[in-house]
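The values are calculated or read from the model by the stated rules, or taken from the named source; none is laboratory data. This one's a predicted model, so the numbers in the text were calculated from it and none came from an experiment. Cβ: placed from backbone, ideal geometry, glycine included. Neighbour counts: every protein chain shown. Surface accessibility is based on the protein's heavy atoms, side chains included, excluding ligands, DNA and RNA. Shrake-Rupley method; radii C 1.70, N 1.55, O 1.52, S 1.80 Å.
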Amino acid sequence: MLGLIRKRLPRMTGHFRSNVWDPVLIIAQIVAMQSQFYLLLGIWSYIMNMIGKFDSSLDQVFTQTDIDVLEDSGRLNVIAFLLNSLTSALALWFIVQRTKLCLDFSVTAHLLHFLGCLIYNSHIPSTLPWWIINVISIALMTVTGEFLCMRTEMKAIPLSMGPKADL
């Protein structure tokens, strides 16, 4: 059986990275990113609620009415979303580890969040602040994640493991 699997896999000799499409890996990364997205958003919302002495609610994550920049609770909720973008960028660095894929995973996480909001509210969010915060959140998460991944990808790769020989 193992021999049959080896015959079907393409050989990757001479390539720095394998380009084999692995749907199981991609789905696992999407699940991991979405899980950390909501876990950290919940933590940030809880911390902001503790600072502002507000009650915690699931509505803060999924409804558009709790993102109101004219109220103190809404401003703290916006801060929680922006902090979540930064910590999600760190998750991109740990989970995805590829600069080229940061935009894809950022948009996917926010698209799934949009679908969650759609299911939770039974209608499409229609307030401008909700859309602005989510677009800013996508941009912040993508740019920060790309920066972190690029720094890792640009590190020097050692070519020899043995001692240097002076010729």
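Values computed for the structure shown
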item	result
Enumeration of residues in segment 99-113 that are open to solvent by less than 40 Å² (accessible area, probe 1.4 Å) and either more than 19 Å from R151 (Cβ to Cβ) or of a type in the set (V, I, T) (or both)	T99, A109, H110, H113
Selection from segment 134-162 of residues that are of a type in the set (D, E, K, R) and either closer than 22 Å to L111 by Cβ or at pLDDT 85 or above (or both)	E146, R151
Counted residues, segment 48-98 - those being of a type outside the set (D, E, K, R) and open to solvent by 70 Å² or more (accessible area, probe 1.4 Å)	14
Residues (more than 14 Å from the chain's Cα centre (by Cα), open to solvent by less than 60 Å² (accessible area, probe 1.4 Å) and free of Cβ contacts under 8 Å to residues at least 40 places away in the same chain) located in segment 115-141	L118
Given (1) modelled with pLDDT under 90; (2) polar (S, T, N, Q); (3) in a helix (DSSP H, G or I); (4) under 23 Å from the mean Cα position of the chain (by Cα), number of the condition S73 does not satisfy	(4)
Test: residue in segment 16-24 that is part of a helix (DSSP H, G or I) and either modelled with pLDDT under 90 or surrounded by 13 or more Cβ atoms within 10 Å (Cβ to Cβ) (or both)	yes
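Results for (1) over 21 Å from A139 (Cα atoms); (2) of a type in the set (F, W, Y); (3) touching an Asp or Glu at 6+ places or on another chain (Cβ under 6 Å); (4) not in a loop (DSSP other than H, G, I, E, B), shown as yes or no for each residue.
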position: V31; (1), (2), (3), (4): no, no, no, yes
position: N49; (1), (2), (3), (4): yes, no, no, yes
position: S57; (1), (2), (3), (4): yes, no, no, no
position: T87; (1), (2), (3), (4): no, no, no, yes
position: W93; (1), (2), (3), (4): no, yes, no, yes
